[in-house]
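To start, the structure itself, in C-alpha cells.
Every number in this text was worked out from the coordinates using simple rules, so none of it is lab data. These numbers were taken from a predicted model, which means no experiment stands behind them. All Cβ positions, glycine included, derive from the backbone under ideal geometry; neighbour counts span all protein chains shown.
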C-alpha cells in the first residue's frame with residue numbers, strides 16, 4: 001500500500017528515467033480527461049447545462065487536486081462558526097464509498113448523533129455527524145439532498161463538502177482550498193494530481209491556503225498564489241491544529257489530553273490520503289512511533305485487518321489512528337484505552353474576515369431575491 005502511494009508520487013515527480021517513461025505512458029489519458037473536463041465546464045459556463053438555484057444559502061468547499069487539503073475540517077469549522085452566529089446549518093456530503101448514497105438521500109446524523117453506518121454512507125459522513133451538532137446529509141444528487149434537508153429541518157445554510165466540481169447546484173460562496181506548497185506537476189489525472197485545470201480556480205469566490213498559517217505570518221510561502229487564482233479572490237490561511245486524543249467507550253467518544261502520547265510506544269494506523277502530517281504530529285508530541293500501518297484512503301477494515309493490527313501492536317502502549325478511521329475501527333474489540341484517535345481542528349486566520357465575506361454574499365443574495373419579488377426567511381443574527 002505504501003509502495004503504491006510512493007510509486008504514484010514518483011511517477012508524478014519523474015524522479016528517474018523509468019518514472020519519466022511511466023509518466024509519458026499516462027499523458028494520453030490525462031489529455032483525454034482534460035478535454036472532457038474543459039468541455040463540461042464550458043457547457044456549464046455557456047448555460048447549456050442547467051444550474052439549479054435554491055432559496056437557502058449554499059457554500060461549496062473544495063480543491064483542485066487529489067489528496068488532503070483539509071476540506072472536511074474546514075467544513076466543520078465553518079458549520080460551527082455559522083451555527084454560533086445564529087444560522088441553521090446543514091452539511092451535505094457525497095457519501096464517498098457509501099452503498100446507499102448513489103441511489104438515495106440519507107440523513108446521516110442530527111445533533112451530533114450518527115444515524116447511519118460508514119458502510120451505508122462512507123466514513124467521512126459519519127465522522128462529521130459525530131463532530132457537528134447539526135444536520136448532516138449524504139447523497140449523490142445534491143440538489144435533492146439540499147431540498148430534503150431544507151424542507152425537513154428549515155435550514156438557512158447548506159455547506160457542500162468537496163463540492164467545487166459539483167456545478168449542477170448554484171452556490172453563493174465557492175471556497176477553494178490550496179495546499180501550502182505548490183505542486184510541481186500541473187497535469188490532470190492520471191499523469192498528475194489535478195482534478196481540473198488551474199484555470200478552474202477562476203470560479204472561486206475566496207481561497208484558503210491550508211497548512212500554512214505560520215508560514216503566512218513569517219512570509220515563507222514557496223509560490224505565487226496568483227498563478228492559481230484570479231486577482232479578485234481574497235486569500236486567507238488555515239492550518240490543522242491537534243487538540244486532543246479521542247477514545248471510544250461503548251460508542252461514546254471521550255477526549256483525553258495529548259500529553260498521553262509522550263514517551264509511549266505507538267503503532268500508527270491510517271487510511272487517509274496524506275498521512276505524513278499525522279505521523280509528524282505524533283512525533284512532535286514525543287511519541288515513539290514503532291510501527292506504521294498504512295491503508296488506502298477510505299479503507300473498509302476487515303476482521304483480518306483487526307487481527308493484524310492487534311498482532312502488530314502487542315508490544316506497544318497505544319494504537320493511534322485518525323477520527324475518520326476510528327468510526328470504522330471502533331466496532332472491533334480493542335482492549336480498554338488501547339485505541340485512540342488524534343483530533344485536530346482547523347485554525348483560520350483571519351477568521352472574522354472569512355465569516356464577514358461569507359455573510360456579505362448571503363446579504364447580496366437576499367437583496368437580489370427581494371428585488372425579484374420573492375422573499376426569504378430570516379437568516380442568522
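Below, the figures for the structure above:
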quantity: Computed FRET value (nearest 0.05) for residue 66 with residue 347, which takes r as the C-beta separation and R₀ as 22 Å; calculated: 0.40
quantity: 281, 259, 55 arranged by Cβ crowding within 10 Å, fewest neighbours leading; calculated: 259, 55, 281
quantity: Extension gain (nm, one decimal) between residue 363 and residue 113, 0.36 nm per residue minus Cα-Cα; calculated: 86.8 nm
quantity: Candidates 239, 184, 172: whichever shows maximal mean-square fluctuation once the chain is modelled as a Gaussian network with Cα springs under 10 Å; calculated: 184
quantity: Among beta bridges that DSSP assigns inside the chain, antiparallel share in %, nearest 5; calculated: 35
quantity: Estimated 222 nm signal from helices in the chain, with DSSP H stretches of n ≥ 4 weighted -39500 (n - 2.57), rounded to 500; calculated: -11000 deg cm²/dmol
quantity: Centroid-to-centroid separation of the stretch 244-289 and the stretch 185-208 [C-alpha atoms, Å]; calculated: 32
quantity: The chain, relative contact order [Cα under 8 Å, separation at least 6], %; calculated: 18
quantity: Alpha-carbon radius of gyration plus Dmax, which is the widest Cα pair, for the stretch 2-45 in Å; calculated: 14.0, 40
quantity: Translational diffusion coefficient (Stokes-Einstein; Kirkwood radius from C-alpha pairs) of the chain at 25 °C, 0.890 mPa s, in µm²/s; calculated: 111
quantity: Distance-filtered residues of the stretch 150-178 - backbone nitrogen under 15 Å, label point 7 angstrom along residue 55 Cα→Cβ; calculated: 150-158
quantity: The stretch 240-346 - Rg (one decimal) and Dmax (whole number), Cα, Å; calculated: 12.4, 34
quantity: Extension gain, residue 304 back to residue 5 (0.36 nm per residue minus Cα-Cα distance, nm); calculated: 105.4 nm
quantity: Inter-probe distance in nm under a simple model that places probes 7 Å from Cα toward Cβ, at residue 144 and residue 17; calculated: 5.5
quantity: Unit Cα scatterers, Debye sum, the stretch 1-158: log10 I(q)/I(0) for q = 0.18, 0.19 Å⁻¹; calculated: -1.10, -1.16
quantity: For the stretch 65-174, alpha-carbon Rg and Dmax in angstrom; calculated: 12.5, 35
